[in-house]
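J.: I'd like to ask some things about the structure below.
The values are calculated or read from the model by the stated rules, or taken from the named source; none is laboratory data. As the structure is a computational prediction, the values presented were derived from the model and not from experiment. Don't worry about glycine lacking a Cβ; one is built from the backbone with ideal geometry, like all the others, and counts go over all protein chains shown. We work out accessible area using only protein heavy atoms, side chains counted, and drop any ligands, DNA or RNA first. Shrake-Rupley method; radii C 1.70, N 1.55, O 1.52, S 1.80 Å.
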Amino acid sequence: MRKTLFGLIVCFVFVAGAQAAPGAIRCGKLLDVRAGHLLSDQVVVFDDAGSITAVGPAASTKLPAGFTAIDLSSATCLPGLIDVHTHITADPRASGYQGLGISAPREAVTGVKNARITLRAGFTTIRNVGAGSFTDVAVRDGINDGEIEGPRMLVSGPPLGITGGHCDNNLLPYEFHFKDQGVADGPWAARAKVREVIKYGADLIKICASGGVLSKGDQPGTPQYSLEEMQAIAIEAHKLGRKVAAHAHGTQSIKDAIRAGIDSIEHSSLIDDEGIALAKEHGTYLDFDIYNDDYILQEGAKAGMLPESIEKEKKIGRLQRENFRHAWESGVKMAFATDAGVYPHGDNARQFAKMVEWGMKPIDAIQAATVNAADLLGWADKVGAVESGHYADIIAVSGDPLANVRVLESVKFVMKGGTVVRNDLASK
Ligand SMILES: [Zn+2]
């Protein structure tokens, strides 16, 4: 008993030590992401819990007693960015057979490295959708305990899928009897798997509704989980307070997943007009990862991606971008999702320019990575906007992201929960 109490006290002191002091930052410009315009000379005040307590003009906003605002008067501030589709423990240089020799502990170490890189690139919140052996749970918990540096994380643990599907691992022959951790066939087995991943720490459920690009022996357009299985998964997950993200490239799988009540469709590549109408009707988020196509085609072979994967990407990459444009023009809800881990972590912001190239205005793409992503995560009151009551998760860039969205690729200042993570503007 004494030992437990001592542990609690040590734990409290450690966490308290990692907490922010109250303070303020002064922003030359502040992007109001909801209204879509820049405000001049603003001050953001936060408390010792790392939450914003006031936002307003520098001339009239009171600072906490004895504190000077961090000077970002030469920069543009905006809320910390959110990527709703990452694989933080995945190494993009180890695809296909090269990935088979990586242990779960080694994968966790990769996750520690990538969490830091991702946060320093301006992504203060991520949703990790698929990691073996709950390595993403370990990284999330290490960050939350203040032991390592990284973004706020919602994690899924192992993704659920059918035997032989995209979320199984089909690289080894039968005599190895290998089945991936998330494989569950049939509605009740799938329900049991939902319960299992939640038991071991999942914040959300990731499933594979259709075939994929980087898996062996399947096709992105082919359905895998049935409507019946996905309905069971969605009911069970929602009952237990978790959302569900479905990997779905294929036209039929996208529609089945939406009808089943899945919360977000990942990739969405071969969506048709009926799928778009269903997404609007159900309020389902469509997440298009339209940056990584370039990386797969240029670097995939070197990374060990199978020749069949490169061929699949050649067929699907452009169609996905065209369908992104069409779906956006049709008025669906979209969140910023990049599949980081397929390409190097930290380059997440490169997708903004692709989204603008394929039909969005810069503010649309920024909203996808802030207010809209926060809504999908169920964290609309905590992240995705610089507003009172939200975490003081704030980044700053040089220049105007509404005029040139690529300034988000070189973030100069990152604050998470009132703690400065990087400040390249300090000496200026
Ligand atoms: Zn993915």
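J.: Count the DSSP beta bridges whose two residues both fall in segment 275-428, then state the antiparallel fraction as a percent rounded to the nearest 5.
T.: The antiparallel fraction comes to roughly 80 percent.
J.: Quick check on the chain: helices-only [θ] at 222 nm, where DSSP H runs of length 4 and up contribute -39,500 (n - 2.57) each and the sum goes over total residues. Nearest 500, please.
T.: -10500 deg cm²/dmol
J.: Another question, then. Using the Cα atoms of segment 69-150 to build a convex hull, what is its mean projected area in square nanometres? Display every interim value, and only then the final one.
T.: Details: hull surface 27.0 nm².
If I average the Cα hull's projected area over directions, I get 6.8 nm².
J.: Right, another one. Compute the angle between helix 187-199 and the longest alpha-carbon principal axis of the chain, please, reported from 0 to 90 degrees and rounded to the nearest 10.
T.: Rounded to the nearest ten degrees, it is 30.
J.: Just the number, please: carbon plus sulfur as a percent of the accessible area of the chain, 1.4 Å probe, no ligands or DNA/RNA counted.
T.: Values: 9460 of 17440 Å².
Roughly 54 percent of what the probe reaches on the chain is carbon or sulfur.
J.: Heads up, I need the accessible area for Met355: 1.4 angstrom probe, whole protein in place, Å², nearest 10.
T.: 0 Å²
J.: Kindly report the accessible area of the chain per residue (heavy atoms of protein chains, probe 1.4 Å, no ligands, DNA or RNA), in Å². Don't jump to the answer; show the numbers that get you there.
T.: Values: 17440 Å² over 428 residues.
Dividing the accessible area of the chain by its residue count gives 41 Å².
J.: Ok, one more. So what's the projected area for segment 307-394, the Cα convex hull averaged over all directions, in nm²? Can you show the working numbers first?
T.: Values: hull surface 27.5 nm².
If you wrap the Cα atoms of segment 307-394 in a convex hull and average its projections, you get 6.9 nm².
J.: In the full protein assembly as shown, how much of Ser74 is accessible to a 1.4 Å probe, in Å² to the nearest 10?
T.: That residue has around 90 Å² of solvent-accessible surface.
J.: Still on this structure: When the chain is modelled as a GNM with alpha-carbon springs shorter than 10 Å, which of Thr76, Thr68, Thr135 fluctuates the most?
T.: Thr68
J.: While we're here: Express the relative contact order of segment 95-249 as a whole percentage, based on alpha carbon pairs under 8 Å and six or more residues apart in sequence.
T.: Working: 292 pairs, mean separation 31.9, N = 155.
Taking the mean separation of contacting Cα pairs over the length of segment 95-249, I get 21 percent.
J.: Let me ask you something else. Cα convex hull of the chain: how many Å³ per residue?
T.: On the way: hull volume 63.8 nm³, N = 428.
Once divided by residue count, the hull of the chain is 149 Å³.
J.: Give the ranking of Ile117, Ile233, Ile198 by solvent-accessible surface, highest area first, calculated with a 1.4 Å probe.
T.: On the way: Ile117 65, Ile233 0, Ile198 30 Å².
From most exposed to least exposed: Ile117, Ile198, Ile233.
J.: Along each of its three principal axes, how wide is the spread of alpha-carbon positions in segment 229-369, in whole angstrom units, largest first?
T.: Sorted largest first, the three principal extents are 43, 34, 27 Å.
J.: Which angle between 0 and 90 degrees, to the nearest 10, do you get for helix 227-239 versus the longest principal axis of the chain when only C-alpha atoms count?
T.: Taking the Cα atoms of the chain, the angle to 227-239 is about 30 degrees.
J.: Using only Cα positions of segment 367-428, each an equal point scatterer, no hydration layer, compute I(q)/I(0) via Debye at q = 0.12, 0.13, 0.15, 0.18 Å⁻¹ and quote the log10 values to two decimals.
T.: Debye output, listed in q order: -0.33, -0.39, -0.52, -0.73.
J.: Using Cα centres only, tell me the gap between segment 228-301 and segment 91-110 in whole Å.
T.: So the two Cα centres are separated by 26 Å.
J.: Let me cross-check Asp145: its accessible surface, 1.4 Å probe, with only protein heavy atoms counted, in Å² to the nearest 10?
T.: Estimated to the nearest 10 Å², Asp145 gives 80 Å².
J.: Also, quick follow-up: Starting from the Cα of Lys302, draw a straight line to each of the aspartates and glutamates and keep only those under 18 Å, dropping any in the same chain fewer than 8 residues away.
T.: Asp91, Asp293, Asp294, Glu311, Glu313
J.: To the nearest 20 Debye, how big is the dipole of segment 271-426 about its Cα centre, given +1 on the beta carbon of each Lys and Arg and -1 on that of each Asp and Glu? Don't skip to the end; give the middle numbers.
T.: Values: 17 positive and 25 negative charges, 83 e Å.
For segment 271-426, the charge dipole is close to 400 debye.
J.: Something else now. Please go through segment 238-321 and write out the GluC sites (Glu not before Pro) that DSSP classes as loop and that have at most 16 other C-beta atoms within 10 Å.
T.: Numbers: sites: Glu266, Glu274, Glu281, Glu299, Glu308, Glu311, Glu313; in loops: none.
Those that pass, being in a loop and sparsely packed, number zero.
J.: Ranked by accessible surface with a 1.4 Å probe, highest first, in what order do Tyr97, Tyr295 come?
T.: Working: Tyr97 110, Tyr295 40 Å².
The ranking, largest first, comes out as Tyr97, Tyr295.
J.: Top mean-square fluctuation among Lys412, Lys312, Lys199, Gaussian network model of the chain, C-alpha springs under 10 Å?
T.: Highest fluctuation of the listed residues: Lys199.
J.: For the full complex of protein chains and a 1.4 angstrom probe, list Phe67, Phe413 by accessible area with the highest value first. If you can, show how the numbers build up before the last one.
T.: Working: Phe67 85, Phe413 0 Å².
Descending accessible area places them as Phe67, Phe413.
J.: Follow-up question, since we're still on this one. Could you sort out which of Lys315/Lys354; Lys193/Lys312; Lys280/Lys361; Lys354/Lys382; Lys29/Lys416 sit more than 24 Å apart by Cα distance in this structure? Don't skip to the end; give the middle numbers.
T.: Working: Lys315/Lys354 18 Å; Lys193/Lys312 29 Å; Lys280/Lys361 20 Å; Lys354/Lys382 27 Å; Lys29/Lys416 19 Å.
In this structure, Lys193/Lys312; Lys354/Lys382 lie more than 24 Å apart at Cα.
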